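Participant: The structure that follows is given in the form of structure tokens.
The values are calculated or read from the model by the stated rules, or taken from the named source; none is laboratory data. Since the model is a prediction, treat every value here as computed from it, not as a measurement. Every residue, glycine as well, gets a Cβ built from its backbone with ideal geometry; the counts of neighbours run over all protein chains shown. In case anyone asks, the SASA skips ligands and DNA or RNA and just uses the protein heavy atoms, side chains included. Shrake-Rupley method; radii C 1.70, N 1.55, O 1.52, S 1.80 Å.
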Amino acid sequence: MASVSLSEAEKVYIVHGVQEDLRVDGRGCEDYRCVEVETDVVSNTSGSARVKLGHTDILVGVKAEMGTPKLEKPNEGYLEFFVDCSANATPEFEGRGGDELGTEIANTLYRIFNNKSSVDLRSLCISPREHCWILYVDVLLLECGGNLFDAISIAVKAALFNTRIPKVRVLEDEEGSKDIELSDDPYDCIRLSVENVPCIVTLCKIGCRHVVDATLQEEACSLASLLVSVTSKGVVTCMRKVGKGSLDPESIFEMMESSKRVGKVLHVSLQSLLHKEESLGPKRLKVGFLG
């Protein structure tokens, strides 16, 4: 992961500021930076989104393809995640430098979506045991400015909201063989419900307090962080500790309660923004570099 070098004086300044609930950029401990979300930015995908959180820039594309259901879940489709860490994001990702981080992020996304309540996978089934939709979710890290996991989870949710899957009909002839008929109408499609898709809230322990949406400088002052996956109803679905430091039970409980509060507000703001952007239709002005 991208990192910065700080002097001891800079670290002391950041830590003392956090203790007073006043961070270097003027935010409180539970405040996010300004989040920019834009959907439908890549034309050759089923759904896409770009998210900018401070200096962190994430692009997500979703591609729907037909495949065969897994043996253990014959009535469901499934999601596949791939994360690419662009060398332009930080020199540390040159060569195979970003592979380890990409695998870590992909595994975290698998854990988040590894429950029936996140996405209705049954709606992706076309014909049990024979055909289903597979959603390939490709995540590209364009720039790293801290708080990667939160930005990626927001971008994935926005891209899934934007995803449109063509409707299909299974036709069976007299001999019992099945044919799949794909709808030609681009507006005749299936939309995924993302209401229960969780977002990650990362809380970094700095001194005796914790902060959300840490910058690279704040991450350099933190020895332990807690990644909490929270739904729009404030339900914690997954939790993971990262970093070399330790967290005592009381701190973990406080961080979980903070993640629930912050997560609810984050979901409400994101859903409102996505619905508002969609209501503009073709009149929407594309502002991204892919616009």
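Participant: Residue 278 is checked against (1) modelled with pLDDT of 90 or more; (2) surrounded by fewer than 19 Cβ atoms within 10 Å (Cβ to Cβ) and fails just one. What number does that condition carry?
Facilitator: With respect to (1) modelled with pLDDT of 90 or more; (2) surrounded by fewer than 19 Cβ atoms within 10 Å (Cβ to Cβ), residue 278 is out only on (1).
Participant: Examine region 146-159 for a residue that is touching a residue at least 40 places away in the same chain (Cβ under 8 Å), in a loop (DSSP other than H, G, I, E, B) and either among the aromatic types (Phe, Trp, Tyr) or in contact with a Leu (Cβ under 8 Å, 6 or more places away or on another chain) (or both), and state whether such a residue exists.
Facilitator: Here is the first cut: in region 146-159, the ones touching a residue at least 40 places away in the same chain (Cβ under 8 Å) are 146-159.
If we keep only those that are in a loop (DSSP other than H, G, I, E, B) as well, we get 146-147.
So of that shortlist, the ones also either among the aromatic types (Phe, Trp, Tyr) or in contact with a Leu (Cβ under 8 Å, 6 or more places away or on another chain) (or both) come out as 146-147.
For region 146-159, residues touching a residue at least 40 places away in the same chain (Cβ under 8 Å), in a loop (DSSP other than H, G, I, E, B) and either among the aromatic types (Phe, Trp, Tyr) or in contact with a Leu (Cβ under 8 Å, 6 or more places away or on another chain) (or both): present.
Participant: Can you tell me which residues in region 36-47 are closer than 17 Å to residue 194 by Cβ and not in a loop (DSSP other than H, G, I, E, B)?
Facilitator: 37, 38, 39, 47
Participant: Return the residues of region 226-255 that are in contact with a Cys (Cβ under 9 Å, 6 or more places away or on another chain) and farther than 20 Å from residue 158 by Cβ; say none if nothing qualifies. Before the answer, list the steps.
Facilitator: So the first thing to find is which residues in region 226-255 are in contact with a Cys (Cβ under 9 Å, 6 or more places away or on another chain), and the list is 226-232, 243, 251.
Once the filter is applied, which keeps residues that are in contact with a Cys (Cβ under 9 Å, 6 or more places away or on another chain) and farther than 20 Å from residue 158 by Cβ, region 226-255 yields 226, 243, 251.
Participant: Residue under question is residue 111, and the condition is that it be surrounded by fewer than 18 Cβ atoms within 10 Å (Cβ to Cβ), touching a Cys at 6+ places or on another chain (Cβ under 8 Å) and either touching a residue at least 24 places away in the same chain (Cβ under 8 Å) or more than 21 Å from residue 274 (Cβ to Cβ) (or both); does it hold? Outline the logic, then answer.
Facilitator: Numbers: surrounded by fewer than 18 Cβ atoms within 10 Å (Cβ to Cβ): yes; touching a Cys at 6+ places or on another chain (Cβ under 8 Å): yes; either touching a residue at least 24 places away in the same chain (Cβ under 8 Å) or more than 21 Å from residue 274 (Cβ to Cβ) (or both): yes.
When the stated conditions are applied, residue 111 passes them.
Participant: Okay, next question. Any residue in region 57-76 that is closer than 17 Å to residue 216 by Cβ and in a loop (DSSP other than H, G, I, E, B)? It would help to see each step written out before you state the result.
Facilitator: Kept after step one, since they are closer than 17 Å to residue 216 by Cβ, are these residues of region 57-76: 57-58.
The next check asks that each one be in a loop (DSSP other than H, G, I, E, B); those that pass are none.
No, every residue in region 57-76 fails to be closer than 17 Å to residue 216 by Cβ and in a loop (DSSP other than H, G, I, E, B).
Participant: Give the number of residues within region 221-246 that are among the hydrophobic types (A, V, I, L, M, F, W, C), more than 27 Å from residue 272 (Cα to Cα) and surrounded by fewer than 17 Cβ atoms within 10 Å (Cβ to Cβ).
Facilitator: Final tally of qualifying residues: 2.
Participant: Identify the residue in region 147-199 that is of a type in the set (Val, Ile, Thr) and in contact with a helix residue (DSSP H, G or I) (Cβ under 9 Å, 6 or more places away or on another chain) and, among all such residues, is surrounded by the fewest Cβ atoms within 10 Å (Cβ to Cβ). Lay out the reasoning, then the answer.
Facilitator: So in region 147-199, the residues of a type in the set (Val, Ile, Thr) come out as 152, 154, 156, 163, 165, 168, 170, 180, 190, 194, 197.
Going one step further and asking which of them are in contact with a helix residue (DSSP H, G or I) (Cβ under 9 Å, 6 or more places away or on another chain), we end up with 152, 154, 156, 165, 190, 194, 197.
Values: 152: 25, 154: 24, 156: 26, 165: 18, 190: 15, 194: 22, 197: 24.
Among them, the one singled out is 190.
Participant: While we're on this one: Within region 166-189, which residues are touching a Ser or Thr at 6+ places or on another chain (Cβ under 6 Å) and among the hydrophobic types (A, V, I, L, M, F, W, C)?
Facilitator: Looking only at region 166-189, we keep the residues that are touching a Ser or Thr at 6+ places or on another chain (Cβ under 6 Å), and these are 166-167, 170.
The one that is touching a Ser or Thr at 6+ places or on another chain (Cβ under 6 Å) and among the hydrophobic types (A, V, I, L, M, F, W, C): 170.
Participant: Continuing with the same structure: Name the residue that is nearest to residue 213 (Cα to Cα), counting only residues in region 1-25 that are free of Cβ contacts under 8 Å to residues at least 12 places away in the same chain and either open to solvent by less than 50 Å² (accessible area, probe 1.4 Å) or among the hydrophobic types (A, V, I, L, M, F, W, C) (or both).
Facilitator: Checked region 1-25; the qualifying residue nearest to residue 213 (Cα to Cα) is 22.
Participant: Of the residues 50, 33, which single one is basic (Lys, Arg), touching a residue at least 24 places away in the same chain (Cβ under 8 Å) and outside any strand (DSSP E or B)?
Facilitator: Numbers: 50 fails: outside any strand (DSSP E or B).
Step by step, each of 50, 33 is checked, and only 33 is basic (Lys, Arg), touching a residue at least 24 places away in the same chain (Cβ under 8 Å) and outside any strand (DSSP E or B).
Participant: Can you confirm whether region 189-212 contains a residue that is assigned to a loop (DSSP other than H, G, I, E, B), more than 25 Å from residue 28 (Cβ to Cβ) and acidic (Asp, Glu)?
Facilitator: The first filter runs over region 189-212 and keeps only residues assigned to a loop (DSSP other than H, G, I, E, B), leaving 192-198, 207-208.
Okay, now just the ones that are also more than 25 Å from residue 28 (Cβ to Cβ), so 192-197.
Then keep just the ones that are acidic (Asp, Glu); that gives 195.
Yes, there is a match, as at least one residue in region 189-212 is assigned to a loop (DSSP other than H, G, I, E, B), more than 25 Å from residue 28 (Cβ to Cβ) and acidic (Asp, Glu).
Participant: Among (1) more than 22 Å from residue 267 (Cβ to Cβ); (2) not in a strand (DSSP E or B), there is one condition residue 233 misses while meeting the rest; what is its number?
Facilitator: (1)
Participant: For region 1-40, which positions are basic (Lys, Arg) and under 24 Å from residue 261 (Cβ atoms)? Walk me through how you get there before you give the answer.
Facilitator: From region 1-40, those basic (Lys, Arg) are 11, 23, 27, 33; that's our starting set.
Within region 1-40, 23, 27, 33 qualify.
Participant: Still on this structure, please answer the following. Of the numbered conditions (1) open to solvent by 70 Å² or more (accessible area, probe 1.4 Å); (2) closer than 24 Å to residue 228 by Cα; (3) modelled with pLDDT under 90, residue 94 fails exactly one; give the number of that condition.
Facilitator: (2)
Participant: Which condition breaks for residue 12 when tested against (1) hydrophobic (A, V, I, L, M, F, W, C); (2) touching a strand residue (DSSP E or B) at 6+ places or on another chain (Cβ under 7 Å); (3) outside any loop (DSSP other than H, G, I, E, B)?
Facilitator: (2)
Participant: Taking region 54-91 as the search range and keeping residues that are hydrophobic (A, V, I, L, M, F, W, C) and open to solvent by 70 Å² or more (accessible area, probe 1.4 Å), which one is nearest to residue 109 (Cα to Cα)? Break it down stepwise before answering.
Facilitator: First pass over region 54-91, keeping only residues hydrophobic (A, V, I, L, M, F, W, C): 58-60, 62, 64, 66, 71, 79, 81-83, 85, 87, 89.
Checking the rest, the ones that are also open to solvent by 70 Å² or more (accessible area, probe 1.4 Å) come to 66, 71, 82.
Values: 66: 21, 71: 22, 82: 10 Å.
My answer is 82.
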